[in-house]
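Asks: Shown below is the structure under consideration.
The values are calculated or read from the model by the stated rules, or taken from the named source; none is laboratory data. Everything numeric here is computed off the predicted structure, so don't read it as measured data. For neighbour counting, all protein chains shown are included, and Cβ atoms are generated from backbone atoms with ideal geometry for every residue, glycine included. Remember, those area values only see protein heavy atoms, side chains included, never the ligands or the DNA or RNA. Shrake-Rupley method; radii C 1.70, N 1.55, O 1.52, S 1.80 Å.
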Amino acid sequence: MTTRTAGPVRVRGNDYRILEPLLDGFTPRLTVSVVVPAYGGQDKLDLVLAGLAGQTYPAELTEVIVVDNGSTPPLRLPEVRPGRTRLIVCAEPGRAVARNAGLAEATGDVIHWLDSDVVLTPGAIEAHMRWHHAAPYLVVTGYIRFTEAELPAELPDDLEKHFEPAEPHAWIVDLVERTDGLTDNPQRPFSLHVGGATSVSARLVEAAGPMDDDLILGQDTEMGYRLGQAGAVFVPEPRARAYHLGPTMRMRDKAPIDRVSHAFVADRIPSYRWLRGHPGRQWKVPFVTAVVDGTAGYDAVRATVDALLAGTVPDLSVLVVGPWDTLERDRRAPLKDPDLELVLVHGHYLHEGRVRLAATESVDPAVPFVLRLPAGWVPGEDSVARLLDLARDEGLGLVDVLLAESPEGVVTARLERVSAFARARIVAGPDDDLDDLDDVVDAVSGVSWVEGESYGFGTEVTPPLGRRGAYRARTEAQAEAARLAKEAERLRAQVAKWREEAGRWRKSAVELRREVGTLRRQLAAANRVQQSLRTVVSTTMRRALRKRLRN
């Protein structure tokens, strides 16, 4: 019996609570590069560097890279600063460009983004680095408080005394609280990646790539998304505290900033589903990419691809894999062309915007989900949407779809969460098969099997409804809904009329009961009078009779 050699700790989803950063007996060994982009604000930068000089994490394991982003006058390094501090110049404007310039110079095992107006408390970097010693795939964000206190000439020993009262980073606090510290299957944990005071494993940055300097705003969030796609676990660390010197631009102008940011990040962050409500738009990064073998024959490939394109998930692309670069069309005898099936597939989808023909499987790592579907199998209109809902609701890394079973084996489709497989590659041990990571994915995210038939998969080709047909069906449904609403309104009016009529009848009944009661009382009184008269008459008659008999 062989013993499995363990790899890094396998965090499931974003539940980092399995990790145990050492609080006592901590021996630092990882290096950290603090990247500080700056544009003007020398007085604030001096305080930031003084705060870095007072950190408890070992100075010999810390380097600071200040990036002057074209300040006038140029920035300088103050006397109070960490020993390993460098100042570089990046004349091209833009915070993302400046950060990338600092990143290119960084040598640390961990990259710590820090804004030039954020002062760290003395133990902040150490609090970050304890987590990074526990696992090599973390993104750790500290807690920033926004102060409007007057800037001191020198950094005070008691930061809290000088900078309080201050406001918390409200939306981060809210995000953390409503997701149980980001452990309760949050849909967008990457939102925690903010450039003000966040540290990232350099290995993750290398896998995800630098910041997108084409973005005007939202670079932090977009990079956080790609870090999540690369397998990151996001950790909020309340012991890593910092003070932002003054309010942020977002606090002052949230609505216009969101307007600008959303216009660009919608193309790059598929998880922002509310920004992708248009039914016919195509996006730079689709929500799901389906991979289909283009060599399986024209009819089989077309049946599968057309069904995918006609489904209820428009935010989808299809990658058809085949030797397209080797095709040489026989123009004299096309029907005898040995590559006719490939030629037909190639010609049929060459100009379809949502289909890409590629010689090898190359899916954009920013795509959240990959669906691998055998050619010839036809998903129903809502099949892909239902699989995506299952994976999202249960936080699954893999959904296996059983399509067919025979003595020769089983035929399956697979919906893979890209971030789960990226995490699996990071935590896989030496004994794990990197070509078959399903067991590791099960450990870090979960795997589920479903029957293809119950999810609408089959081999029968059903003509797609089409946009015109869908429009007609929708307008007919809307007309029917309007008719039913009108009928319901008529019935409600009728019910109201009946209720009013019933009210009148109830009122009449009450009045009648009162009249009957009065009549009953009058009748009883009449009966009593009649009885009295009878008694009087009877008495009188008896007296008269006795008198007559005496005479």
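Asks: What accessible area per residue, rounded to a whole number of Å², is obtained for the range 377-489 using a probe radius of 1.4 Å?
Replies: Counting only protein heavy atoms, the per-residue value for the range 377-489 is 58 Å².
Asks: Taking the Cα centre of the range 1-127 as the origin and placing charges on Cβ (Lys, Arg +1; Asp, Glu -1), which of N14, L114, P28 is farthest toward the positive end of the dipole?
Replies: Checking the options against the dipole of the range 1-127, the answer is N14.
Asks: Sort M541, M129 by heavy-atom solvent-accessible area, probe 1.4 angstrom, most to least. The partial results should precede the final answer.
Replies: Numbers: M541 125, M129 0 Å².
Largest to smallest exposure gives the sequence M541, M129.
Asks: Report the Stokes-Einstein translational diffusion coefficient (µm² s⁻¹, integer) for the range 151-199, Rh taken as the Kirkwood radius over Cα pairs, at 4 °C with viscosity 1.567 mPa s.
Replies: Answer from the Stokes-Einstein relation: 98 µm²/s.
Asks: Now for a separate question. Using a basic spin-label model with each label point 7 Å from the Cα along Cα→Cβ, how many nm lie between A479 and T326?
Replies: Label-label distance for A479 and T326, simple model: 5.5 nm.
Asks: For the chain, which whole-number percentage of the solvent-accessible area (1.4 Å probe, protein heavy atoms only) is attributable to carbon and sulfur atoms?
Replies: C and S fraction of accessible area: 53 percent.
Asks: Considering only DSSP beta bridges where both residues belong to the chain, give the percentage that are antiparallel (nearest 5).
Replies: Here the antiparallel bridges make up roughly 35 percent for the chain.
Asks: What accessible area per residue comes out for the range 193-344, rounded to a whole number of Å², with a 1.4 Å probe?
Replies: That works out to 45 Å² for each residue.
Asks: Hey, which lysines would be in cross-link range of K161, C-alpha to C-alpha under 19 Å, not counting anything within fewer than 8 residues on its own chain?
Replies: K44
Asks: List the GluC sites (Glu not before Pro) within the range 377-429 that fall in a DSSP loop (any state other than H, G, I, E or B) and whose Cβ has at most 14 other Cβ atoms within 10 Å.
Replies: Within the range 377-429, the qualifying GluC sites (Glu not before Pro) (loop, at most 14 other Cβ atoms within 10 Å) are E408.
Asks: Separate question: When every alpha-carbon pair in the range 397-551 is counted, what percent end up more than 26 Å apart?
Replies: 73
Asks: Can you work out the FRET efficiency for the pair A59 and R281, with r the C-beta to C-beta distance and R0 = 51 Å, to the nearest 0.05?
Replies: The computed FRET efficiency comes out at 0.50.
Asks: Give me the accessible area per residue for the range 1-110, probe 1.4 Å, as a whole number in Å².
Replies: Values: 5820 Å² over 110 residues.
Heavy-atom SASA per residue in the range 1-110 reads 53 Å².
Asks: Could you give me D for the range 350-439, from Stokes-Einstein at 4 °C and 1.567 mPa s, where the hydrodynamic radius is the Kirkwood radius over C-alpha pairs? Units µm² s⁻¹, please. Mind dumping the intermediate values first?
Replies: On the way: Rh = 15.2 Å.
The estimated diffusion coefficient comes to 85 µm²/s.
Asks: With every protein chain kept in the model, how would you rank V173, V89 by accessible area, 1.4 Å probe, largest at the top?
Replies: Accessible-area ranking of V173, V89, largest first: V89, V173.
Asks: Further, regarding this structure: Run through every distinct alpha carbon pair of the chain and return the Kirkwood hydrodynamic radius in angstroms, one decimal place.
Replies: 29.2
Asks: Report the extension gain between A104 and W498 in nm, rounded to one decimal, defined as 0.36 nm multiplied by the number of residues separating them, less their alpha carbon distance. Let's see the in-between values first.
Replies: Working: separation 394, 0.36 × 394 = 141.84 nm, distance 7.94 nm.
Result: 133.9 nm gained on full extension.
Asks: Still on this structure: For the range 274-335, count all C-alpha to C-alpha pairs, find those more than 17 Å apart, and express that count as a whole percent of the total.
Replies: Values: 1011 of 1891 pairs.
In whole percent, the long-distance tail amounts to 53.
Asks: Kindly sort I65, I18 by accessible area of their heavy atoms, largest first, with the probe set to 1.4 Å.
Replies: Greatest to least solvent exposure: I18, I65.
Asks: Kindly write out, for the range 56-62 in residue order, the coupling ³J(HN,Hα) from the Karplus curve 6.51 cos²θ - 1.76 cosθ + 1.60 (θ = phi - 60°), rounded to whole Hz, with x marking Gly and Pro.
Replies: Values per residue, Gly and Pro as x: 7, 6, x, 4, 5, 9, 10 Hz.
Asks: Please give the FRET efficiency for S454 paired with D253, using the beta carbon to beta carbon distance and R0 = 41 Å, rounded to the nearest 0.05.
Replies: In this case the efficiency is close to 0.25.
Asks: Just the projected area, averaged over all directions, of the convex hull on the alpha carbon atoms of the range 13-171: how many nm²?
Replies: Seen from a random direction, the Cα hull of the range 13-171 projects 10.6 nm² on average.
Asks: Let me ask you something else. To the nearest 10 square angstrom, what accessible area does S271 show with a 1.4 Å probe?
Replies: The accessible area comes out at roughly 30 Å².
Asks: Using a 1.4 Å probe, how large is the accessible area of K284, given in Å² and rounded to the nearest 10?
Replies: 120
Asks: Separate question: Of all GluC sites (Glu not before Pro) in the range 110-171, which ones are in loop regions per DSSP and have a Cβ with at most 16 other Cβ atoms within 10 Å?
Replies: On the way: sites: E126, E148, E150, E154, E160; in loops: E148, E150, E154.
Listed in order of number, the matching sites are E148, E150, E154.
Asks: As an exercise, take the mean of 1/r over every pair of distinct alpha carbons in the range 175-278, invert it, and state the Kirkwood radius in angstroms.
Replies: Numbers: mean 1/r = 0.0669 Å⁻¹.
When all Cα pairs of the range 175-278 are included, the Kirkwood radius is 14.9 Å.
Asks: What accessible surface, in Å², does a 1.4 Å probe find on S116, ignoring ligands, DNA and RNA and rounding to the nearest 10?
Replies: S116 has an accessible surface of roughly 20 Å² with all protein chains in place.
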